1. For the range 96-119, give me each residue that is surrounded by fewer than 22 Cβ atoms within 10 Å (Cβ to Cβ) and either part of a loop (DSSP other than H, G, I, E, B) or out of contact with any strand residue (DSSP E or B) (no Cβ under 8 Å at 6 or more places or on another chain) (or both).
2. Could you list all residues from the range 288-301 that are surrounded by 14 or more Cβ atoms within 10 Å (Cβ to Cβ) and touching a helix residue (DSSP H, G or I) at 6+ places or on another chain (Cβ under 8 Å)?
3. Quick one: Lys259 ticks every box in (1) assigned to a helix (DSSP H, G or I); (2) out of contact with any Ser or Thr (no Cβ under 7 Å at 6 or more places or on another chain); (3) basic (Lys, Arg) except a single one, so which number is it?
4. Which of the following residues is out of contact with any Pro (no Cβ under 8 Å at 6 or more places or on another chain) and either modelled with pLDDT of 95 or more or within 27 Å of Pro373 (Cα to Cα) (or both): Glu154, Glu181?
5. Quick one: in the range 183-228, of everything that is touching a Cys at 6+ places or on another chain (Cβ under 7 Å) and part of a helix (DSSP H, G or I), which residue is nearest to Leu145 (Cα to Cα)?
6. Would you confirm whether any residue within the range 131-147 is over 24 Å from Tyr399 (Cβ atoms), open to solvent by less than 10 Å² (accessible area, probe 1.4 Å), among the small types (Gly, Ala, Ser) and out of contact with any Lys or Arg (no Cβ under 7 Å at 6 or more places or on another chain)?
7. For the range 120-146, what are the residues that are in a strand (DSSP E or B) and either closer than 16 Å to Tyr163 by Cβ or within 23 Å of the chain's Cα centre (by Cα) (or both)?
8. Return yes or no: is Asp418 within 24 Å of the chain's Cα centre (by Cα) and at pLDDT 80 or above?
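The values are calculated or read from the model by the stated rules, or taken from the named source; none is laboratory data. Owing to the predicted nature of the structure, the values given are computational and were not obtained by experimental measurement. Cβ: placed from backbone, ideal geometry, glycine included. Neighbour counts: every protein chain shown. The area values use the complete protein model at the heavy-atom level, side chains included, leaving out ligands, DNA and RNA. Shrake-Rupley method; radii C 1.70, N 1.55, O 1.52, S 1.80 Å.
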Amino acid sequence: MKSSGLLNLLVFFNFCAYDILAKDSYSKDTATSDLKNEKLRMCIVDSRGSFRRTEQHCPIIEKQTNIECIVGIDRLDCARRISKGYAHFGVFSSEDLVSARWATFEILVTNELRFHPEEFEYDVVVLVDNEANINSAADLKSARLCHPGKGINENWNDVISDYLESTMVARECEEDLSLAESRIKASASFFGPSCKAGPWVNDALQDSILKSKYPSLCSLCYDKSKCGIGDKHWGRRGALECLIGGSGQAAYVRLDDVKSFFGLTGKNPEADPNNYSFLCPDGHLQPLSNDNPCTWISKPWPVIAAKRSHAEQVQELFRGIDTKQDWQQSMLLLLESYYINVTSLDVPIPIDDYLDKSSGYQSAHSFPACYPPRHIIYCTTSIIEFVKCSWLQEVSVVYGIEPNLQCIRGESLYRCLDDVEKNIADVVMVDQDERAEAERKFNLIPLLSEFSFDFANNYVTVAVVKENSTIENFGDLQGKRACFPSYEGAAFYSVMENLQEFKYINNNCSNGVSDFFAPNSCYGSRNCKKEYAGDEGALKCLDQMGDVAFVNMGLIKNLTGKNHFGMLIC
């Protein structure tokens, strides 16, 4: 692009929704030295907000040890980096391990991050009233169920929440019902009057409709009309309250809550444990005094996992780690929490073997879907977008999100837009420059817009004029030749909204911008050369024939030095 030299920034407008794709900036692992002398690369996901753990703790670790911090986008990104050798170890949740297993990553579990001495983070049991005549799992049919419900943000995802129902209740997968409603209908038909409070689906209106259609799942709630978060019979303790004093016959609850509630940990009991029993998946009962009660599903601990070649070295690093040295304290703080107990496994083991130790956990993620399967088909337009979509697909399955996501690769954006219009695909991502055409030409509707928390990463429209320009304020732009990256794109709508705000045009949005500027203004390749399309094309247009260009501020910062600009906010 030919440059006209120095430019001036005149006006900037509101930032617009923008499709941001993270650049894959991995570097190749060129280490060839002995492992003992090689730097250990730890992949860390930084905290959100203004506080950055890595900025505070990584310099201490890197100064005092042979460990280097690698910042990942998320934990699954860290798993990929470790698998490919760009990092050596990191921290992962049990859900991350399921995704890594499906992706066949060659990483080993070396240590668990515990905060109590039990083998698992928690176990889930089924508790029954001894007077309910429930002697086997089959007797749960028509039983009054007390369930912790939905909306519990304590490592209680939908897979664990729905495990009992997924095990006992078969869905009919009705074609005229959503997958969520099909599951809810099946549970309401199987169990008797019950309480499963909280949001069944995310949409409040749909949630209210479903609860009015299947009121039996709210019948035992303290406030059955709301059946919501905060109900006396909602949550971990609420399910036990429902069983003890709310006419329930069975409760799906955490084992540690049962022990605390019934005084099995030394506290005063809130109910007589002799009146209740554990119901085992294989169909027999156990007294609450049993030292090794049967569980339906166990939640594995978060772990440290490492590349096979470095697993023993990583395990040895964390064997006996404490806070005696600054770097050890910083390391523990980077591992999510300072109060954890880093517990080494006997030997590093593969993900499959580690997950198999937890009863029900692998099978909870393997229940068959409805047939024929239902998917949200996402049409992608680049390799990196397809890869990211595939990762999202795997993660959604791990967390029990329905319907599943299916990723396809389109030849071009316009092919994807056409496929969505013709119901070959369901979703496509566009940036603001293509949104208007997608709505108008292909009859699509927007579902959501993405904004970056970092202002600099948003599309911020600025007006650029030449250094020798006589334009000094917004009013001086009227009748001037304007250069836009595209017609009806992000910059175009930013200008249109600002013109409305400054009352230079009426509410006729269809031709207000074109009426304000000179007739020979350039809107991308509309009425102009193709080389004038896009942000860089708009600057080329300004250089060769325009008076003002409206482009993304990020482009200006990249092309020229900040000292070449003046900025005036009107």
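1. If the condition is that a residue be surrounded by fewer than 22 Cβ atoms within 10 Å (Cβ to Cβ) and either part of a loop (DSSP other than H, G, I, E, B) or out of contact with any strand residue (DSSP E or B) (no Cβ under 8 Å at 6 or more places or on another chain) (or both), then Arg101, Trp102, Ala103, Thr104, Phe105, Glu106, Phe115, His116, Pro117, Glu118, Glu119 are the ones that fit.
2. Leu288, Pro293, Thr295, Trp296, Ile297, Ser298, Lys299, Pro300, Trp301
3. (2)
4. Only one candidate passes the filter, namely Glu181.
5. Cys218
6. Checked the range 131-147: at least one residue is over 24 Å from Tyr399 (Cβ atoms), open to solvent by less than 10 Å² (accessible area, probe 1.4 Å), among the small types (Gly, Ala, Ser) and out of contact with any Lys or Arg (no Cβ under 7 Å at 6 or more places or on another chain).
7. Tyr122, Asp123, Val124, Val125, Val126, Leu127, Leu145, Cys146
8. no
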